[in-house]
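Here's the structure we're looking at; comments come further down.
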Amino acid sequence: MPFKKGVVTNPTGRPKGTVNRTTAEAKELLETILYGQLDNIGQALDNLKGKSDKDYVDACVKMFKYVIPEKKDITSDGKSMTEINITVDSSGTEQELKKLLDGSSD
């Protein structure tokens, strides 16, 4: 019996967003291994920092993506943004600069 387009043959199937059992088990195993290695990872980072600040920062940046969500552009709707150039004139007095920041023209 061939399947027909638009006809659901298993209406009580797996709900959307449910993680595959194998994927869930693999994540759990990796999490267990990682938590068991936290002290070693910290020590390795300390050793790396002692040898090369650049390598230490690179290693930290690579790990950040697993902790800090990646920012997505929500302002441009995919269109190219216009470049804005800001020039700061610091030749005025501190009082004049404060007035500019406050938006007053006195």
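Per-residue ellipticity at 222 nm from helix content only, as computed over the chain with -39500 (n - 2.57) for each DSSP H run of at least four residues, stands at -15000 deg cm²/dmol.
Dipole check for the chain: with +1 at the C-beta of Lys and Arg, -1 at the C-beta of Asp and Glu, and the Cα centre as origin, the magnitude is about 1120 Debye. Relative to the globular-protein estimate of 2.2 N^0.38 Å, the Cα radius of gyration of the chain stands at 2.11.
Among the listed pairs Lys16/Lys71; Lys54/Lys98; Lys4/Lys79; Lys27/Lys71; Lys49/Lys71; Lys16/Lys72, which are separated by more than 29 Å between their Cα atoms? Spell out each step's value before the answer.
Details: Lys16/Lys71 25 Å; Lys54/Lys98 39 Å; Lys4/Lys79 40 Å; Lys27/Lys71 24 Å; Lys49/Lys71 27 Å; Lys16/Lys72 24 Å.
Going by Cα-Cα distance, Lys54/Lys98; Lys4/Lys79 fall outside the 29 Å limit.
May I ask for log10 I(q)/I(0) of region 19-71 at q = 0.16 Å⁻¹, from a Debye sum over the Cα atoms as equal point scatterers with solvent left out? After summing over all Cα pairs, the log10 values are -0.64.
Cut-off is 10 Å between beta-carbons; in what order do Glu96, Glu83 appear when sorted fewest neighbours first? Numbers along the way, then the final one.
Values: Glu96 11, Glu83 5.
Neighbour counts put them in this order, fewest first: Glu83, Glu96.
Every number in this text was worked out from the coordinates using simple rules, so none of it is lab data. None of these values were measured; they are calculated from a predicted model. Note: ideal-geometry Cβ built from the backbone for every residue, glycine included; neighbour counts use all protein chains shown.
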